[in-house]
Amino acid sequence: VKALGNLSVLRLISSEGLGMDVVSGGEIERCLAAGIAPGDIIFSGVAKSRAEVELGVRVGIGSFNIEAPHEVDLIQNVALASGKIVSVAIRFNPDIDGDTHDKINTGLAETKFGLNLDLAKKVAAEILSKPNLRLTGLTCHIGSQIFDMGQVRAAASRSREFASWALDQGAPLSHIDMGGGLAVAYSESDLARVPSFKDWIAAAKEALPNDKIALHVEPGRAIVADSGVLLTEVIDTKESGGKNFALCDAGMTELVRPAMYEAYHHIIRTSRRAGDLDIIYDVVGPVCETSCALGYDMRLQSLLKGDILAVLTSGAYGMSMASNYNSRPRPAEIAIDGEVTRVIRQRETLSSLWDSERIQ
Ligand SMILES: Cc1ncc(COP(=O)(O)O)c(C=O)c1O
């Protein structure tokens, strides 16, 4: 849900038989608004609030992935007060380096995610002592944009050991969840090394201690990244400091990944003109930050005012991370199905940006 949460997209993905991995009460409500069955929702999150736990228990989500010791009492108390038995999984931290960008590397002990194995075992014992909790799963997630299946295998091996231990303690485990993270190709060089879904599943499957336990995975990026394209208009071009700048009407507010993770997105000019030369541009946006760019040193056919650029592979963590910085309304989302296009999110209006503000 965090990769691309548009209601139409969630509905489409759910119609293919997939469940939803959420990280907030807002994302639970978003799933419900899309018509997702509550039992198909699992909830990870390092700092779940009481209100979020109450919401999850009330609507009956499929599982809470516990990431901190205090969640055990919190979920037990809410479950008891509602007279419910609640399924929980432990998100443990395998201390494995996902070998990806620091800001999306989540499986190392020094990150905030999950419980280290010693603590995870203590928390498992506690859960097993609680009358309203069922420890039905174990989960880990070593990060996003993972190419190295060796690291997935290393995390799977730790999951399997932990699962065997938990089964010995009497945990009614039904699944091991190896999280998301399958990489996609943003560039030509990525294409040569991007793992197949099959190879990823083969590596993740090594987590299973026996064939009665199901494998769950939570891919976000790999489902939606390739399906999305950000279109932006060239306002004009200029030269400065020996560089050519393409000045665009979209930037970090529409696609923050280049500013936040130094991420590369392939960019192409959509209009065709004969006899054009390739020129190297920094493709930059309008936001008042030096980091507001869509790509640096991009080789593009020469640009004119009014050209439309397509920023590729923007479906994941694009619109879902868009912001209103600089009082910029977020753009429309258009679904394309063959020849048919549908507006699945209206362009935001300016006044909606300050509707909730009050002059005192
Ligand atoms: C717990 C969890 N599962 C799944 C995902 C999805 O990761 P990706 O989009 O890389 O597949 C994330 C992303 O951060 C996550 O934190």
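The values are calculated or read from the model by the stated rules, or taken from the named source; none is laboratory data. Just so we're clear, the structure is a prediction, and the values are computed from it rather than from any experiment. Don't worry about glycine lacking a Cβ; one is built from the backbone with ideal geometry, like all the others, and counts go over all protein chains shown. Heavy atoms of the whole protein, side chains included, go into the accessibility calculation; ligands, DNA and RNA do not. Shrake-Rupley method; radii C 1.70, N 1.55, O 1.52, S 1.80 Å.
Heavy atoms only, probe 1.4 angstrom, no DNA, RNA or ligands counted: give me His216, His101 ranked by accessible area, highest first.
Order by accessible area, largest first: His216, His101.
At a threshold of 8 angstrom on Cα-Cα distance, excluding pairs fewer than six apart, so keeping six or more, what relative contact order does the stretch 79-196 reach in percent?
Answer for the stretch 79-196 is 28 percent.
Going by average Cβ density within 10 Å per residue, which order do the peptides 84-97, 199-212 take, highest to lowest?
Ranked from most to least packed, the peptides come out as 84-97, 199-212.
Within the chain, how many lysine pairs that are 8 or more places apart, or on different chains, have C-alpha atoms less than 22 Å apart?
Going through the chain pair by pair, I get 20.
What length, rounded to one decimal in nm, is gained on full extension from Asp190 through to Ile334, with 0.36 nm per residue of separation minus their alpha-carbon distance?
Stretched out fully, the Asp190 to Ile334 stretch lengthens by 49.1 nm.
Principal axes first, then extents: for the Cα atoms of the stretch 32-142, list largest minus smallest coordinate on each axis, whole Å, largest first.
42, 36, 21
Which number do you get for Rg(Cα) / (2.2 N^0.38 Å) in the chain?
1.10
With an 8 Å Cα cut-off and a minimum separation of 6 or more residues, compute the relative contact order for the chain in percent.
The value is 13 percent.
Would you mind counting up the charge near Ile85? Only other residues with Cβ under 12 Å from its Cβ, with Lys and Arg at +1 and Asp and Glu at -1.
Here the charged neighbours net out to +3.
Of all alpha-carbon pairs in the stretch 1-42, indicate the percentage at a distance above 14 angstrom.
31
Rg/Rh for the stretch 234-319: what does it come to with C-alpha atoms and Rh from Kirkwood?
0.94
For the stretch 162-274, what's the relative contact order in percent, using C-alpha pairs closer than 8 Å and at least 6 residues apart?
24
Calculate, for Ile85 and Ile308, the FRET efficiency according to 1/(1 + (r/R0)^6) with r their C-beta to C-beta distance and R0 41 Å; round to the nearest 0.05.
0.15
Which one, Tyr325, Val123, Met260, projects farthest toward the positive side of the charge dipole computed for the chain from Cβ point charges (K/R +1, D/E -1)?
Val123
Taking just the alpha carbons, could you work out the radius of gyration and Dmax for the stretch 102-198, both in angstroms?
Rg, Dmax (Cα atoms, Å): 15.8, 53.
Can you compute the charge dipole magnitude of the chain about its Cα centre, using +1 on each Lys and Arg Cβ and -1 on each Asp and Glu Cβ, nothing else charged? Give it in debye, rounded to the nearest 20.
Here the chain has a charge dipole of around 660 debye.
Which order, highest average first, do 252-260, 344-352 follow once you tally other Cβ atoms within 10 Å for each residue and take the mean per peptide?
Ranking the peptides 252-260, 344-352 by packing returns 252-260, 344-352.
Amide H to amide H under 5 Å from Leu18: which residues, 5+ apart in sequence or cross-chain, H placed 1.01 Å off N in plane?
For Leu18, whose amide H was placed from the backbone, there are no distant partners under 5 Å.
Please report, in cubic angstrom per residue, the volume enclosed by the convex hull of the alpha-carbon atoms of the stretch 141-254.
151
Where the centre of each part is set by its Cα atoms, how far does the stretch 25-71 sit from the stretch 240-279, in angstrom?
With the stretch 25-71 and the stretch 240-279 each reduced to a Cα centre, they are spaced 38 Å.
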